[in-house]
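To start, the structure itself, in structure tokens.
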Amino acid sequence: MQLHHTAIWVNDLEKVKEYYVNFFDAISNQLYVNPTTGFCSYFLSFESGGQIEIMHRADIPDNMNDVIEKQHKGLIHLAFAVDSEEKVDKKAKQLKEAGFPILKGPRVTGDGYYEFESIDVEGNRLEVIFKK
């Protein structure tokens, strides 16, 4: 069995799409729009075969989670794997210079990953990891 995709409700489809295309080399499909329901989405595909579906509909409420200070039960982050510690450091530097906070790291975790945590343009948590 293979996980096909993870879906995220977002406020600004174009802004989120551009973030993942620019910083994580995602490839986007064409915008899908259902005029009856107001549902819109993009599938963002990654070299590994994984996908994120970013979705928007005006009647979906905001998440009440404070993404920087608190965590919550349920899906909490996306993790992107790279093939060296240097690439973890490079991505952390790139995101920090672009104005995105580095919440933790880069650091070595107790289970042997070299990683950092950040957030995307709408506050969704993500990690960039390398397995030592």
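The values are calculated or read from the model by the stated rules, or taken from the named source; none is laboratory data. The structure displayed is predicted, hence computed values, not measured ones. Cβ atoms come from the backbone with ideal geometry, glycine included; neighbour counts cover every protein chain shown.
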Practice problem: Check ASN34 against each of (1) over 26 Å from LEU3 (Cβ atoms); (2) free of Cβ contacts under 8 Å to residues at least 24 places away in the same chain and name the one condition it does not meet. | Solution: (1)
Practice problem: Go through (1) surrounded by 12 or more Cβ atoms within 10 Å (Cβ to Cβ); (2) modelled with pLDDT of 95 or more and name the single condition ASN34 misses. | Solution: (1)
Quiz item: Any idea which residue in the stretch 44-100 is surrounded by the most Cβ atoms within 10 Å (Cβ to Cβ), counting only those that are of a type in the set (Ser, Thr, Tyr) and either part of a loop (DSSP other than H, G, I, E, B) or at pLDDT below 95 (or both)?
Solution: SER84
Quiz item: Restricting attention to the stretch 17-24, does a residue exist that is at pLDDT below 95 and either within 21 Å of PRO101 (Cβ to Cβ) or not aliphatic (A, V, I, L, M) (or both)?
Solution: no
Practice problem: Filter the stretch 107-121 down to residues that are among the hydrophobic types (A, V, I, L, M, F, W, C), surrounded by 19 or more Cβ atoms within 10 Å (Cβ to Cβ) and not in a strand (DSSP E or B), then give me how many there are. | Solution: 0
Exercise. Taking only the stretch 5-24 into account, find how many residues are part of a loop (DSSP other than H, G, I, E, B) and buried (at least 16 other Cβ atoms within 10 Å of the Cβ).
Key: 1
Exercise. Would you mention how many residues in the stretch 11-25 are out of contact with any Lys or Arg (no Cβ under 8 Å at 6 or more places or on another chain), within 17 Å of PHE46 (Cβ to Cβ) and hydrophobic (A, V, I, L, M, F, W, C)?
Key: 3
Quiz prompt | In the stretch 122-132, the residues that are part of a loop (DSSP other than H, G, I, E, B) and either under 8 Å from the mean Cα position of the chain (by Cα) or buried (at least 19 other Cβ atoms within 10 Å of the Cβ) (or both) | solution = ASN124
Quiz item: Being aliphatic (A, V, I, L, M) and under 20 Å from SER118 (Cβ atoms), is that true of even one residue in the stretch 27-39?
Solution: no
